[in-house]
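No value in this document is a laboratory result; all are computed from the given coordinates. What you see is a predicted model, and the numbers here were worked out from it, not measured in a lab. We place every Cβ from the backbone using ideal geometry, glycine too, and count neighbours over all the protein chains shown.
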Amino acid sequence: MKSTYLLIIVFLFVSVITSCKKETVELEYKEIILNKVGEQLVAADNSFGFDLLKTLTAKTDEKENLMISPLSVSLALSMTYNGADAETKTAMENTLRFDGLTMDDININNKQLSEALMSVDSRVDFNIANSIWYRNNFSVLPDFISTNKSFYDAEVKALDFSSPLAKETINNWVADKTNDKITEIVDDIPSDIVMYLINVIYFKGSWKYQFEKSENIIMPFYHSDGTNKDVEMMTQTADLRKMANEDFYLIELAYGQGNFVMDLFLPNEDKDVLDIIANLNPENWNSWMNELSAPYKTTIVLPPFKFEYEQLLNDVLIDMGMGVAFNENEADFSKINADNQLFISKVKHKTFIELNEEGTEAAAVTSVSIGLTSVGPGGEIIFDKPFMFVIRELSTGAILFMGIVENPER
């Protein structure tokens with residue numbers, strides 16, 4: 001009888017000890033195999049994203065949170081690119097870093113990449129959706145429609161743009177695809193707009209190691225302008241991959257089975273986020289990722305945050321070399337409609353992110369408005385100051401979201 005009591009006591013003791021330890025989660029990581037052209041396309045998307053982030057931060061107040069989805073912008077512009085010709089087509093190729101890729105290369109591999117990312121991890125809710133909406137009295141060439149349906153699975157609909165229901169229909173589609181995280185991308189429809197090409201990306205993943213809310217603490221967060229405020233901080237100790245150099249500490253947090261991860265960049269004491277972004281290029285990025293250590297016991301102190309970001313990308317894309325596509329008289333989108341002078345009126349980008357103890361939910365919408373020219377046809381790492389984050393898929397290296405947290409708030 002005594003031995004039975006002793007066994008029960010030992011069992012209870014082991015159960016208590018086990019419950020106090022961070023649960024180890026075995027990954028069932030799956031590798032996405034891309035062909036050489038697919039790898040080149042991912043590299044192009046990432047390179048475009050680095051340049052887009054650099055150009056945006058140069059035009060943004062340093063106190064603002066910022067987040068973009070390079071993949072979303074690239075996919076929306078890729079659909080638009082199928083309608084471009086001549087100098088406009090070349091300018092879009094150069095800006096999107098598509099040099100050396102044919103239109104078939106881009107379309108086929110965008111389709112394969114999208115399908116692979118959406119199916120690789122059943123524990124992560126990840127979706128890509130595309131749509132094309134055009135004015136019901138505007139004629140669109142069949143090849144443009146069929147290409148975007150075939151390779152981007154685009155939903156295509158003609159709408160009466162003069163009706164208030166048109167805006168509501170488009171925005172309802174966006175809200176549905178982003179789980180109501182982004183509910184509006186079209187605020188009004190000007191009389192010269194004949195088409196919207198829209199991409200949506202939605203991501204929701206739980207951490208491999210979740211944070212316990214009971215372990216949260218209050219600490220000061222130091223802003224770029226020298227001010228600080230007390231914020232809630234999540235804490236945990238787990239086996240994490242990391243690296244460090246003279247500019248920053250880098251910690252990697254995994255979602256689900258491990259295909260999707262968030263990389264968190266904390267500037268060193270004498271550095272800031274802009275110092276990291278200044279060195280952001282494909283060569284450095286690949287070097288940083290290759291230098292990530294094997295998992296090592298590390299304590300991380302990270303603020304939960306939630307914010308939305310919205311940006312008109314016209315000036316940024318013009319600065320990056322796409323000016324002709326926005327020129328009412330020089331743009332060539334004759335593969336959409338050969339009888340009218342079309343141009344890109346707006347490229348609008350909206351994002352949402354919420355990071356908390358359970359994981360991360362993020363969404364992005366990119367809308368390209370096509371206008372009709374009126375005159376013619378280890379250790380402890382504390383994220384207590386502005387930092388950068390990236391959400392990517394490991395095996396392909398595809399970057400889904402990039403951002404800067406300047407002011408963390410739930």
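Approximating the spin labels as points 7 Å out from Cα along Cα→Cβ, the N279-to-D315 distance works out to 2.9 nm. Estimated purely from DSSP H runs of n ≥ 4, each contributing -39500 (n - 2.57), the mean residue ellipticity at 222 nm for the chain is -9500 deg cm²/dmol once divided by its residues. Computed from phi, the 3J(HN,Hα) profile of the range 238-245 under the Karplus parametrisation 6.51, -1.76, 1.60 (θ = phi - 60°) reads 8, 7, 10, 7, 7, 7, 8, 9 Hz, with x in place of Gly and Pro. In the range 208-297, Rg over Rh equals 0.99, where Rg is the alpha-carbon radius of gyration and Rh the Kirkwood radius from pairwise Cα distances.
Quick check on the range 136-265: take the gyration tensor over C-alpha atoms, sort the square-rooted eigenvalues as a ≥ b ≥ c, and tell me if it's rounded (a/c under 1.5), prolate or oblate. Prolate.
Given the chain, what whole percent of its Cα pairs are spread farther than 38 Å? Considering the chain, 25 percent of its Cα-Cα pairs are separated by more than 38 Å. Note on the range 68-196: Rg/Rh from C-alpha atoms, Kirkwood Rh, equals 0.97.
Would you mind counting up the charge near E269? Only other residues with Cβ under 13 Å from its Cβ, with Lys and Arg at +1 and Asp and Glu at -1. Cβ neighbours under 13 Å give a net charge of -4.
Taking amide hydrogens as placed 1.01 Å from N in the peptide plane, the amide H of F401 sits under 5 Å from those of I391, each at least 5 positions away in sequence or on another chain.
Computed from backbone phi with θ = phi - 60° and the Karplus coefficients 6.51, -1.76 and 1.60, the 3J(HN,Hα) list for the range 67-74 is 7, 10, 10, x, 5, 5, 4, 5 Hz; x is used for glycine and proline. If I model the range 257-410 as equal point scatterers sitting on the Cα atoms and use the Debye formula, what is log10 I(q)/I(0) at q = 0.14 Å⁻¹? Ignoring solvent entirely, the Cα scatterers give -0.86.
A cut-off of 5 Å between modelled amide H atoms, ignoring neighbours fewer than 5 places along the same chain, links H223 with N228, K229. Under 5 Å from the amide H of S395 lie the amide H atoms of I32, each residue being 5 or more positions distant or on a separate chain, with H modelled from the backbone and absent for Pro and chain starts. Find the centroid of the Cα atoms in the range 106-166 and in the range 295-354, then give the distance between the two in whole Å. Comparing the Cα centres of the range 106-166 and the range 295-354, I get a distance of 17 Å.
Inter-part distance, the range 60-102 to the range 378-403, computed on C-alpha centroids, equals 22 Å.
Rounded if a/c is under 1.5, else prolate if a/b beats b/c, else oblate: with a ≥ b ≥ c from the C-alpha gyration tensor eigenvalues square-rooted, which is the range 285-359? Prolate. Each Cα pair of the range 174-333 feeds into the Kirkwood radius, which the Stokes-Einstein equation turns, at 4 °C and 1.567 mPa s, into a diffusion coefficient of 65 µm²/s.
Only alpha carbons enter this Debye calculation for the range 334-410, each as an equal point scatterer, and the log10 of I(q)/I(0) it gives at q = 0.19, 0.27 Å⁻¹ is -0.96, -1.33.
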